[in-house]
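The values are calculated or read from the model by the stated rules, or taken from the named source; none is laboratory data. Since the model is a prediction, treat every value here as computed from it, not as a measurement. Here Cβ is always computed from backbone atoms with ideal geometry, including for glycine, and neighbour counts include all displayed protein chains. Only protein heavy atoms, including side chains, enter the accessible area calculation; ligands, DNA and RNA are left aside. Shrake-Rupley method; radii C 1.70, N 1.55, O 1.52, S 1.80 Å.
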Amino acid sequence: MKKNMTSTKLIQKKINGEKISALTAYDASFAGLFSAQGVDILLIGDSLGMVLQGHDSTLPVTVEDIVYHTKCVKAGNQGSLIISDMPFMSYSTPEQAWENAAKLMQAGGNMVKLEGGKWLVETIKGLTERGIPVCAHLGLTPQSVNIFGGYKVQGREEAQADLIIEEALAVEAAGAQLLVVECITSKLSQRLSDSLSIPVIGIGAGVECDGQILVMHDLLGISTGYIPKFSKNYMAITGDMHKAIASYVEEVASQTFPGPEHSFN
Ligand code: KIV
């Protein structure tokens, strides 16, 4: 990738109907590989608590963990937009969010990601005013797994879907420049993509989103144990890491991935 990806370019991609590709990355080597293959966004996700640290949830991840891995990704990146996740309870007040988000930006992030909707309006406004771009995360928000009672598809009922739309409009109005939605129905993704001006990036959310994100361990077949229905092991299909990434980027662009078998109706 020659030129740096920016949030302005991502919005332009949405306007042009070009799909956005994103992957999680946690170190310099994979960041270099993914960005060289044209992946638009690299997310230092708190999923690292599960895929790198071996925990059964993302809750144990700390700001220091994300700072360390953001520095690694920044060192290998060749032009993708870097988003750093804000871990569980690192943004429970606006002031705490501003202080911790600054650490992630100073480590090399271009944007921070927070899980939640309306309750984050003041936090998102404050971050944006202070020069920190925000990606919001709605639908299945893994930091709230103990409230949800498990990793369940969200927005199946009309009232719940309407609430997610309201939350999305609220975070966009507060200044969020991107929205990640996880494990929601394809119908709701279509409504979200149509209702918002900012790009909607989905994981387990159907091809109707403006872009897709996968956890790199799922794409490369490194994950063991539970493999989510929405993921696709491109390594098993291509047998080569470079081809696996290229194939993912191409299938997102051509809207071949995700197929109905990776989506929820
Ligand atoms: O932590 C993470 O990797 C994420 C993605 C699943 C979107 O939030």
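The table for this structure:
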read-out: Sorted peptide list for 4-16, 213-225, criterion being average Cβ within 10 angstrom, highest first; value: 213-225, 4-16
read-out: Extension gain (nm, one decimal) between K229 and T6, 0.36 nm per residue minus Cα-Cα; value: 77.2 nm
read-out: Residues with amide H under 5 Å from that of L43, placed H, sequence gap 5 or more; value: L23, T24, A25, I83
read-out: Coil-residue GluC sites (Glu not before Pro) of the range 92-123, DSSP, other Cβ within 10 Å capped at 10; value: none
read-out: Computed [θ] at 222 nm, helices only, for the chain once each DSSP H run of length n ≥ 4 contributes -39500 (n - 2.57); value: -12000 deg cm²/dmol
read-out: The range 7-262 - percent relative contact order, Cα under 8 Å, separation 6 or more; value: 18 percent
read-out: Peptide ranges 238-246, 176-184 listed from the most packed, as the mean C-beta count within 10 angstrom indicates; value: 176-184, 238-246
read-out: Estimated FRET transfer efficiency when R0 is 22 angstrom, pair K118-E64 (beta carbons, to 0.05); value: 0.15
read-out: Percentage, to the nearest whole number, of Cα pairs in the range 7-262 over 34 Å apart; value: 7 percent
read-out: Over 25 Å between alpha carbons, listed pairs K113/K152; K3/K229; K13/K103; K152/K187; K71/K232; value: K3/K229; K13/K103; K71/K232
read-out: Cα gyration tensor shape for the range 1-123, rounded if a/c is under 1.5, else prolate or oblate; value: oblate
read-out: Accessible carbon and sulfur surface of the range 7-262 relative to its total accessible area, %, 1.4 Å; value: 55 percent
read-out: Longest exposed-site-free window of the chain, the sites being chymotrypsin sites (Phe, Trp or Tyr not before Pro) in a DSSP loop that have at most 15 other C-beta atoms within 10 Å; value: 1-150
read-out: Inter-label distance, nm, simple model (7 Å from Cα along the C-beta direction), S197/T93; value: 3.3 nm
read-out: Solvent-accessible area per residue, Å², over the chain with all protein chains present [probe radius 1.4 Å]; value: 42 Å²
read-out: Separation in nanometres of the label points that stand 7 Å from Cα toward Cβ, at L52 and T128; value: 3.0 nm
